[in-house]
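**Student:** Have a look at the structure that comes next, please.
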Amino acid sequence: MFTAEARVRILAVLLLGLPLACAAQVYQYKDAQGRTVFSDTPPPGANATKKNLSVPQPSGDAARSTQDKLQDFQKRRDERLEAESKASKEQADKDKASENCNRARNRLNALQSGQRIVRFNAQGEKEYIDDPTREKEIASTQQSISEWCK
């Protein structure tokens, strides 16, 4: 329905308008039966006295302005989003490391199996790796495993 930010803005607007509603004119007068009546509009011809209503000023945490509360909320939201972003990045890094680890292990298994391995040279031609190259590839792949599989 509304995002959290939209709800906060709506609440802020309503709270900012609250003092205007509290500043309405209030009149006190006696009705025909002699009862004391308070009203925002006195009846014509009534001997009404205007009353000043003052809203008591809040103290402590309630005294903080709406702007301060909104800034605090935004700060907490930004901190939460930053923490979520950091956690998401860390998880992505872990997933990437796990994937690279699995690839390196699979490559090592293929190299150690003794099967013929083909790779393509710069001209796009097939070339089979020989035993000395295989040993270098095995050493390189073991190094990759030690880096990625922690």
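**Student:** What whole-number value in cubic angstrom gives the convex hull volume per residue for the C-alpha atoms of region 78-150?
**Tutor:** So the per-residue Cα hull volume is 106 Å³.
**Student:** Give me the net charge for the shell around THR3: Cβ to Cβ below 14 angstrom, other residues only, Lys and Arg +1, Asp and Glu -1.
**Tutor:** After counting each charged neighbour, the total is +2.
**Student:** If the convex hull of the alpha-carbon atoms of region 27-150 is projected onto planes in all directions, what is the mean projected area in square nanometres?
**Tutor:** 20.1 nm²
**Student:** Let me ask something additional. Multiplying the sequence separation of ASP130 and SER98 by 0.36 nm and subtracting their Cα-Cα distance, what value in nm do you get?
**Tutor:** That pair, ASP130 and SER98, stretches by 8.6 nm at full extension.
Readers should treat all values here as calculations from the given coordinates under stated rules, not as data from a laboratory. Keep in mind that what you see is a predicted model, and the values were worked out from it rather than measured. Neighbour counts run over all protein chains shown; Cβ positions are idealised from the backbone, glycine included.
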